[in-house]
Structures are given as structure tokens and as C-alpha cells.
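Participant: Dumping the structure here so I can ask a few things about it.
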């Protein structure tokens, strides 16, 4: 536990689906941050989102928001083509930025941003490759770091969507979807990708006319590894992201409706938690958040004193049953109206 | 998204293992709350914990903390025998309370708290049965609520600890451990427990001398259901909590290193997420929290502009490979020192 | 591989569902045995079954079949109440017997058979508790025998049928269904059962009127272990038999749509085959049996010379692709009519 | 159940590892066949194997064995280069043949065999692609045949050995190992393979010097499908064969320590048996075989009359416990010496 500075004031640029969701997240989930500004070219949409948050101002110009005294950091969730200008503006204000993926739509513009930040002389930007924060990917990365599986040789990735949105093109399977596996491959292996091959099986009849779906992509890396990706955005049955890393002494797989599963030393399987704080960490987090939220709304919503009393009465009967070896009936008072 | 009141000021009573962890949680994880007071009979310990949190005062007397202007709510994490007095004091100040389990150590004292809250005329207390907030238990409860499995007839519970702490007694297997299954059974089924039977197999040689471990407990409910519990606190291999609810048309099981698994209509298995926001919700939450935390510390820690640039270059090569059907090499500029 | 005597001539007593299936099994699956006699009080049924097997004679009297020169052994698949008389007759002929479960319908008659075989002075009877021959149960037993899990303390059994036949009674849930768990418990643990408790939850609405279904049975053993059984013969979703043995250092579970799964030393999971003969043993057995069966029918049914040729051509292209690092096309001659 | 001809006399050509195992299989496992001849260039080895089987003659010349009156069919398990001559000899005798894979070592010789069988005018040869007889592959093929998953688009194959034998070469990863996936792909999809690409990741340090291991192979088919194969013959952890077929509406996977697992219509999982004959088919087969084998050896090995008696006594106690709702003790007579 470390000392914290005061609450971070965040300007969210772009209030579409992702932007609005990030406003909600910063407001309801994130500890130590608040949304002080929202920016959208659509002034009405910006105002509507700002109205839901105490002390939040609506802007149409990112630069104006960045100049505001209560803005300490910027979250960019506008369309990709707008990112470069906003990033350069943030560099002028020397503000920290979380920029949704893609950084920019092409390598040339990404390179201009890279050069600008390099000129600035210190890192300011975090790119929104959120898989690095997924608990399963994080466990996979941590396992690879232990070295117990040996050197990684191959990665098998599956990336499936139930159905693609109407505007999706064959190219977007690469730039919008496989982009995640490009980053995951680089991050998991610590390699750069040196070559890409795209194989095109027959398209599914469920894919819209003209869409090459599925595709099969193979990355080669400067560490000599291969990473293959099945991308199938009209698979029909759901959203599924899986990765299996094949190493010299074993493999590890995530995304399979399980936790991390390994093949190693003659056995397949996973780890068992060693402690209730590990198993129920999320439960405790949700419990305290739910209590704080309800209390701020003036409500009481969780297990009641009646529940505490009933548990105590059951345990007392249980202790007698343990001591006597038999069956013991539980006695409860009548339940007060307050708890019905 | 609803309007929020201002930040909730919480007094945490008791700064032992659970109390200190709740202070950390309220400080680092919970949105919209802050710790304004900590209370412990050990003044030095209270001061040490308070010193880690801006604007937090240390107390030795719960009543003094409850009287403070910046305390809006109370979290009780002191030993069970101290709960009754603290709860009654909180009722005098009419403050909302989250009380760690057990509510009190026995049914008689729990009944006194029940009567006091009933006299108060409105609910103020949430008891810390945190399993109700575990995502797996929550999914199980939600599935039962749909009615698609039919009426619940039996619950099979497993509750295993790697090893019991030194002070553990045979009675505490019931009052400390099985108490969770007592609440989980009541909550999942919506039944009261009417009788308890405890069966005592031979004890494990790994259990400390004199400890009856494992035990096998059977609850009967007023809805005619049975709920059996294997409690085994020296199982040696880890911490494991499992529950299978057997209903008229199928069963549902949690805690198995999987998500929720059902047996239903000739098939076993689970559901597949339908959307990336469902699959990666936690990843987004962690990403934004990690960014806010690092930014408040003056650091930049996540995927860099180099990562964004490399992904863009890989995708450009991928698009050419898709169009040409062959293998395309990826060209990258030299990596600037800033990103090494 | 050991030297074998000549083919065993078997008389099958009873040609109902189980009997007729055993005739088929002995005829089509079992190596080194043949059915030389079938016996049924229904002479027409016996004749119809005998007619399907070369060199098989139909009888209505078990004793007549047992006296025949080509009968070396007896398989009893008649209704339970007829078993005692047939077993005693087999003892008179000193013939080896496989007797379908139950040995007899009650303990008194079973004791008479026991005394008769004891007088005979050597074992002649194998009782049809077929779970001991199930590969999963066999693996579980073998794992317990290694001692690596420590002493068994509890067994949790699940026994579920999609729906009960019309004649099923509440008592038959014990005598017909739980009888299997009685034997499995005794066999797995090497203990005798010393006491039985039956708990009766509310019956499922899907159970026929008056049937107590499900039931929950707890066995105690002379080794101090508990073995609990959920028996649910109208569960609706399928046939499912599961067992988890809880030992001092770990647990092992079968029947879960998996192979044997253990919890042990901080990990859950199973073993990986170490060799293709282990993984594909059944495949080889089926392959050779299918070839022998087809050949005896004058047919050729499996992979053809075309398949062998195509595989050779693919491998040749693969070797060139390996050497050259690129993509190599496969050349095939036109497929002859014989292989279409 | 169909009428059977008399027992099939089989000549096994080659008595190395596979040949000797097939002799054992035909002798101990297969119903309706017996080994009447074994052939090996090593006369001593042939004699040693023949000596273990009643009525089996040893030969050094395949043609002599094929001319014998008691030889009805031929199983070829000699080294691949010897197959062509033996197959052509079998065609001269017009004998049915099961030929271990590969049919012959290269496409040119396979084509000569193909032309010879075509001239013969009827099929005589089954090639030993035993995966087609594996229960999991068979279920996968059957599921594809139902059409419920739609058209297959891709197959992902994993083929892993713990360690390669000393004589293994980079080329043999294709010709010896991937040959199985070549056939499995053709058989599962009903397509011919039209092109092969081999990608070579960095070799594992655990692979012998100079061996390219692992390799990644991609097949293209005349149905527009892709089938990729990870072949890794020094993976260290075991033998593992997996296949996932990706279709238009779902995927199906085998080889994962489970039965067949599908992704379909928002759910992952597998089927539950509907009947005990399905769940315990193998147990019944093993039970009867074990009984026949023991009986032919003059032994009694399975569950005894004591086991039958004890089960009856337990069930009687259980029925009383069911009727009375309580705990009933089990009474057994003293166990006779015969059953100790």
C-alpha cells in the first residue's frame, strides 16, 4: 500500500460506444480518478454524457479540454483517424494519455507520433491493448516468465466473433481483429514480428457477400517463433479468444472456459488456489463496492442481520450434532417483518 | 449510469488481517469511498495503518470514530465477540454498517442485534457473506432464478483448506467454515435450514491431534431439499470451494477450475461469451485502473507508442499478404532509446 | 502373451435384454469363447437366438445345457429369483459361472449360495459387478493402490438415469441402482460396509407418482470411511455415474466426461499418455476386429490403396516443401473407378 | 447380429514391434480370427513368436505362407520397403490384406500397387490408418456427417511425441508422423489435398542435433479447406494427438483428455450418455473377456459370491433405512476362508 496523490481528473475524448463506457468505468469502477471533461464533435452527445457526472464539463475541442485546470490526463476514444492530432496536442500540454487502439490507422502516422514523443523525451502514451490486462493473459505471461516451460516456439491463436458488424471488410479482419494477436504475440514472446503470411480458406456461407472470412494468418518473429491466428468473425456461436503457447518443455493454453491449462511433465491441468484471499479476491472487491454504492444511494442491499442470525442458529445446531453424532433440529424465532 | 453522491467516508473497526486488507481495498480498489477513520484497541497499530492513507484518523474507541464528522459508514472487522457492542453503537449513530462474518458468535447475541435493528425500524447492516458476491456463485444463483433447471432438490458442497491454522478446533469446522455453506445454501435455495446432521469419518493423519477433520454435514431445508457439505481443512493440496445444485431437470456446478458447468438436456458444458465486452470486461477495468494508478505516481507503464507503431506496421504487411496471397516481410525503423 | 487352451464353450441362461446382448458379445467381441448353448423358459425365444450362432443349441432346461459335452462354462442372465437354483445346479456340474448381478435377490439366499460354494471347496462364481472392469474405475482403483493420495476418507458418488422404467419402485433405487455403489465402495476401499443411512429429499415432480426419487444414501465402513450416494433415476438429462474419492493428500474423480481427474499438491488435472500404443490401443483393437469381420463377410471396408497412394503423394510434396521452405502442389493420377 | 463364417486364419508378415503386437491382438483380443502363420526373414524370431500360439506355423517366405491351406488373409507389418512385393504376391493369391502404413514408401510404388489392384478388379487391401477406428475420431467424423456444424473450413491438428527415436530424421516428421494427419484430413473432410506448405520455427533445444523439430505444416484441399498441423516429436511431456474442425456454425475438438467437445450455439461442452449400455459398453466387453480368459486358464478372478452376498446384505439394510428414515447397521456372517 503506497501513498496516493489526490484524485486524477480525466478528459475523455470521444463519447461513442467505447468512450461512453470508459466514462462509466472511470466514474463507477476506477478508484482515485474522476471524469472532469468529455469531448465530442457532437456537442449534444458530449453534454448528455457530461450531465451524468458531477463536476464534468462538455467540450467540442480537445485542446480546450486539455487546457482546463481540472484536467490531469487524457483518454482518447475517438475514431482512429483523429488520434494523431489529439496525441500531438496532448504532447504540447505534456499530459499523460491512454489512447484506444489503434494508435493511428497506419504505420506512417504512427511513426510521426513516435518521433514526436521521442522529441518530447519521455513516455506519455499508453496504447489500449487491453489483453495485456486480462487475468488469463497475465497468468500466461507470468508462467512464460518463470522459464519452467522453456523457450517458446509457437503460438496458436483463435479469435472468433459471433457475427461481424455491417461495415466490416476483409482488410479489417487484419487491421481491427488480428491487430490484437499481433500485439499479444509481441508481448507474450518479447519478439518483433518479421513476416506475415495470410492463407484464405473458402469463406463461410454465413459471412456477408464478398467478405473473406475466415482467414488464417501466420506471423514469423525475430526469435524464430511462429504464431498462427485463426480469425473468424462470423463463426455464429459466440466470442472466443484462445491462445496456446508451445514451448520446449510444455504448452500453456488460455481462453477455454477454464483458467490457464498446461501440458507439462506427463500431466495436463491447472493450479488450485492456496488461500481464500486468492479464490475470493474478486468477491471481496465486489462486496465492498456493492456496499459503498448502495450506501451512497441510501440503501441496504446485502445479507441482512436475519441472515447472520440464521447462520448462527444453524451453526449452534451443527455443533450439537457434531458433539452428539446425531441429527439436531434448528430453532428460529419468527422472522420480523423488516426482513421479509 | 446514475448520479452519485460525494465520496463515502468509512471508519474501519479492527485493523488485523481482514481489517487491514479492507483498508487497502477501500483505498486502492473501491470507487467512491475513502477511509477516514481506523479504530483498534492497539493504538500503535491503528496509527500505523492510518498513516498510509491521506486524511485518515486513528482511534481506539469505535464510538469516537462514529461521532466524527467525516465518518458516513462503518466497516466492522474486529474479532466476533466485539461485534455486538459495536453494532449497537452504530445503531445509536444510525450509521450504515458492513459487518464481517460472523454477525456475532452465537444465536442469542445475534437475536439481540436483530431486535435492536428491528426497533431502529430500518435495515442498517450488511453481513459479510462474501460468497454472494463471487462471480461464480452469482452466475449459479442467476441460473437457478431462470427456472430452466426446475426446482432444486439437493446441493453438494466441497470446502477444502490446505491446512488449518494452529488455533483451529473441531467445533470451528462448523462455526467458522461450514457457516459459509449454511448461508450459501439459504441464499441459493431461498429456504431456511431446519435440521443438521454431522457425520464423522475417520480423521486424516494430516490433521493435528484431536481435530475431527474431515467432517460431513447434511442440512435439511424447509423446502424439502438436502445440502451436504464435505468440510476438510487439512486436505493438503489447496483451497477449493465447489457447489453443485441438483434440480429436477439438470445440475449446475461451480468451483471446478472452470466457469459454471451444467448437465442439462443430454449435454454437459458451459456458455460462451457473446461479446468482447463480456469476455474482456475485467481486462478493461484493470487497464484503466493500472493507467490511473501509474499516472498518479507520475509513471507510464503500459503498451507504448512503439507497440502501437509495430502493430500498425504488422497490420500493413498483413493487408498486403491478404491481397497478394503470399508472405510479406515487416519493415520497422530502428527502435528509439526511449522504448528499449 | 500366454498359451491358450482351446475355445471355451459357453451356455447363456436367459435370453432377455442382458442375455441376448451377452450372446452377441461372446459371438462378436470376445476372443477365445463361443456360445454353444442358450437356455430360456421361452423355447421360441431360445431357438431364435440360437439360430443366429453357428453350432449353438437351444434348451429350456439349464441342467440339460450344463450336461452337454460342448458346454464348458455358464453365463447366468435370467431374472434374479431364478439365480439360486441355477447356481446350485452349476455347482453340481462343477462348472465356472459368470452370474449377472444381483447374485440372488436377498441376503438369506445369497448366504445359501455362499455356503454351497464353500462346501464345493473352490471358487466357481464371478458376480457381474461390471464397474470393476470399467477403464475409469480401474484407473481410480490403481491410483488408490499406489498410495500416493494417502488413506481414503470419503467417497462421493453420483448415479443418475434419464428416466426410470415403468416398473421401478422406491426400494429398487436401493436394490437395483445403489447396489452398484455398494460394491464399488467395498471394492475401491477394500472395506466392508457397516451401516446405511437413507435421506429423502423432496421428490422431483418428474418422478412417477409415489416414487421417492432422488434419494441420498450414506454408507459407513469398517475402515472409518463414509461413502455418500446421490441416486436420481429421473434426472431427465442422461445417464451419469461419477465417483470422487477423498484421501488424506488429494482427491480423484471419474465419470465427468473426462478421464480420471485428480486434485493433488496444488494442481488439478490428469495424465497425458506417454506412447501411441496407449493412446490408440482401442483404435488398433477396433481396426483389426473390423478387418476380420469384414473379411469374414467377404468385404473390404477400410482405408483403400487409393488412400495409401494419396498419403504417399502428399508426403512427397511435404518433404519437398520442408526442404525448399515453400508451398508445393500435390500431383495425383485420376482416381480409378474401383476407388470412387 | 449376423451369421458368421468359421474362424479366419491370418498370416502375419513381419514380427517386429507392430507385427508381434498384432499377433498378440489377433490371439487375445480379436473375435473370430486366429494366427495360423507368422513370417519373418529372421527365422528364429518367427519361430519364437509362432511357438506362443497353438496351431501357428513359422515361415521365412511370405509366398509360402500365402500358399498354406490354413491362411485365409494376410496382415503386413514388415518394413515399408518390403510392402510392394508382399502386396503383389497377395494379389496373385487373391488374398485379403491389412497393410500397415505406409502402403509403400513413395508415390511411384504406391501407384504400381494401385494399378495392380485395379487390374485385379476388386479391392483386397485395407491400409492401416488406425485413427479412423479411434472412438474419438469416429465421433468427430459422425458429428460432421450430421451436418449440424455446417461445412468444414479449417482443421487444426496437434501431434506431439515425448521424444523421437534415435533414427528419426527431419523428413520423417512428414513421412512418418504427419502422414497420419494427411489421411485424417482427407477422411474427415472427404477432400483431396492439393498443396502443402511447411513452416520451420526455431528447433527446440531438446531435439537431437540437426533435427528440424517442431515443424508447422499447412494442407490446402480441393474443397477450399485449410488443415494445419503442429508436429513436435520431442515435446517432452507425452504423446498427444488433437484435432479441432472449424465449421460454418461451430467447432468440434478431440484429443483433449475429454471426449468430443464442441463450440456451438453459444455453448461449449459435450454429450452425456443416455443409457448404461453406452456408458459401460467397454466395461461389459472387458468383464466377459476377463472371465473367458481366466476360465480358460482354470482360474476365478472377479467379484466373488462373498461380494454378491455382502451387496445383498447392504441393500437389505438400505431398504430398511429408506423405510424407517434412519440409520441401519449391516449384519454379515463371518467371512469364510475361501473368500479371504
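Participant: So for B:256, C:94, C:70, D:183, fewest C-beta neighbours within 10 Å to most, what's the order?
Facilitator: Final ranking by Cβ density, sparse to dense: C:94, C:70, B:256, D:183.
Participant: Return the single residue from D:319, D:246, D:39 with maximal mean-square fluctuation; model: Gaussian network over chain D, springs between Cα atoms under 10 Å.
Facilitator: Of the options given, D:319 has the highest mean-square fluctuation.
Participant: Taking one equal scatterer on every alpha-carbon of the stretch D:132-271, how large is log10 of I(q)/I(0) by Debye at q = 0.14, 0.16, 0.19, 0.21 1/Å?
Facilitator: So the normalised log intensities work out to -0.66, -0.83, -1.09, -1.24.
Participant: Would you mind calculating the relative contact order of the stretch C:132-271 from Cα pairs under 8 angstrom and at least 6 residues apart, reporting the percent as a whole number?
Facilitator: Computed value for the stretch C:132-271: 33 percent relative contact order.
Participant: Right, something else. Measure nothing fancy, just the Cα-based angle from helix C:17-28's long axis to the longest principal axis of chain C, in degrees from 0 to 90, nearest 10.
Facilitator: 40
Participant: Would you mind checking the tilt of helix B:179-189 against the longest principal axis of the Cα atoms of chain B, expressed as 0 to 90 degrees and rounded to 10?
Facilitator: With both axes taken from Cα atoms, the answer is about 70 degrees.
Participant: Give the percent of DSSP beta bridges with both residues in the stretch D:120-279 that are antiparallel, rounded to the nearest 5.
Facilitator: 80
Participant: Another question, then. How high is the relative contact order of chain D, in percent, with contacts defined as C-alpha pairs under 8 Å that are six or more residues apart?
Facilitator: 11
Participant: Further question: Residue separation times 0.36 nm, minus the C-alpha to C-alpha distance between residue D:332 and residue D:70: what's the value?
Facilitator: Separation in residues times 0.36 nm, less the Cα-Cα distance, equals 88.8 nm.
Participant: Sticking with this structure for a sec: Give the Cα extents of the stretch D:8-128 along the principal axes, in whole Å, largest first.
Facilitator: The Cα atoms of the stretch D:8-128 stretch 38, 25, 23 Å along the principal axes, largest first.
Participant: Stokes-Einstein D for the stretch B:279-339 at 10 °C, 1.306 mPa s, Kirkwood Rh over Cα pairs, in µm²/s?
Facilitator: Estimated via Stokes-Einstein, D reaches 112 µm²/s.
Participant: How high is the relative contact order of the stretch B:111-198? Use alpha-carbon pairs under 8 Å, at least six apart in sequence, and give a whole percent.
Facilitator: It comes to 30 percent, rounded to a whole number.
Participant: Here is a follow-up. Helix B:107-120 sits at what angle to the longest principal axis of chain B, using alpha carbons and giving 0 to 90 degrees rounded to 10?
Facilitator: 80
Participant: Here's a follow-up. In whole angstrom, how far apart do the alpha carbon centroids of the stretch C:181-198 and the stretch D:201-255 sit?
Facilitator: Between the Cα centres of the stretch C:181-198 and the stretch D:201-255 lies a distance of 46 Å.
Participant: Based on DSSP, what percent of beta bridges with both residues in chain B are antiparallel, to the nearest 5?
Facilitator: Here the antiparallel bridges make up roughly 55 percent for chain B.
Participant: Can you say what percent of the DSSP beta bridges in the protein assembly as shown, counting only those with both residues inside, are antiparallel? Round to 5.
Facilitator: So the antiparallel bridges amount to about 60 percent of the total.
Participant: Now for a separate question. When the Cα centres of the stretch B:59-102 and the stretch B:106-178 are compared, how far apart do they sit, in Å?
Facilitator: What the calculation gives is 21 Å, centre to centre.
Participant: Hey, another quick one. Please report, for residue A:208, the nm distances (one decimal) from its label point, 7 Å out from Cα along the beta-carbon direction, to the equivalent points in the remaining copies, shortest first.
Facilitator: 5.5, 5.7, 6.6
Participant: Turning to a different aspect of this structure: Taking the label point 7 Å from Cα in the Cβ direction, how far apart in nm is residue A:17 from each other copy of itself, listed shortest first?
Facilitator: Ordered by distance, the counterparts are at 4.5, 5.3, 5.4 nm.
Participant: Moving on to the next point. Do the sum for the protein assembly as shown: with -39,500 (n - 2.57) for every DSSP H run of n ≥ 4, divided by all residues, what is the mean residue ellipticity at 222 nm, to the nearest 500 deg cm²/dmol?
Facilitator: -10500 deg cm²/dmol
Participant: Turning to a different aspect of this structure: So what's the protein assembly as shown giving for Cα Rg divided by 2.2 N^0.38 Å, two decimals?
Facilitator: After normalising by residue count via 2.2 N^0.38 Å, the value is 1.04.
Participant: Counting partner chain Cβ atoms within 10 Å of every residue's Cβ in C:113-126, what's the average?
Facilitator: The mean count of partner-chain Cβ atoms within 10 Å per residue comes to 5.
Participant: Could you work out which residue, out of C:157, C:206, C:234, moves most in a Gaussian network model of chain C, that is, has the largest mean-square fluctuation with Cα springs under 10 Å?
Facilitator: Highest fluctuation of the listed residues: C:206.
Participant: Follow-up. Using a simple spin-label model with points 7 Å from Cα along the Cα→Cβ vector, what separation in nm is obtained for residue B:299 and residue C:118?
Facilitator: 7.8
Participant: Among B:190, B:325, B:255, determine the one that fluctuates most according to a GNM of chain B built with springs between C-alpha atoms less than 10 Å apart.
Facilitator: B:325
Participant: Determine the shape class of the stretch B:100-210: with a ≥ b ≥ c the square roots of the Cα gyration tensor eigenvalues, call it rounded for a/c under 1.5, and otherwise prolate if a/b is greater than b/c, oblate otherwise.
Facilitator: oblate
Participant: Something else about it: Based solely on C-alpha atoms, express the radius of gyration and the Dmax of the stretch B:239-340 in angstrom.
Facilitator: Calculated on Cα positions, Rg and Dmax stand at 22.7, 65 Å.
Participant: Under the classification rounded if a/c is under 1.5, otherwise prolate if a/b is larger than b/c and oblate if not, where does chain A fall, given a ≥ b ≥ c as square roots of the Cα gyration tensor eigenvalues?
Facilitator: Here chain A falls in the oblate category.
Participant: Same structure, new question: Order these by the 10 Å Cβ neighbour count, fewest first: D:187, A:268.
Facilitator: Least to most surrounded, the residues fall as D:187, A:268.
Participant: Right, next: Would you kindly work out, in nm and rounded to one decimal, the distances from the label point of residue A:276 to those of the same position in each other copy, ordered shortest first, with label points 7 Å along Cα-to-Cβ?
Facilitator: Output for residue A:276: 3.9, 4.2, 5.2 nm, nearest copy listed first.
Participant: So for the pair residue D:148, residue A:94, with labels modelled 7 Å out along Cα→Cβ, what separation do we get in nm?
Facilitator: 6.5
Participant: What does the C-alpha gyration tensor say about the overall shape of the stretch D:43-112? Classify as rounded when a/c is under 1.5, otherwise prolate if a/b is larger than b/c, or oblate.
Facilitator: Verdict is prolate for the stretch D:43-112.
Participant: Sort D:235, B:315 so the one with the fewest other Cβ atoms within 10 Å of its own Cβ comes first.
Facilitator: Neighbour counts put them in this order, fewest first: B:315, D:235.
Read-outs: derived from the displayed coordinates by stated rules, not from any lab. This one's a predicted model, so the numbers in the text were calculated from it and none came from an experiment. For neighbour counting, all protein chains shown are included, and Cβ atoms are generated from backbone atoms with ideal geometry for every residue, glycine included.
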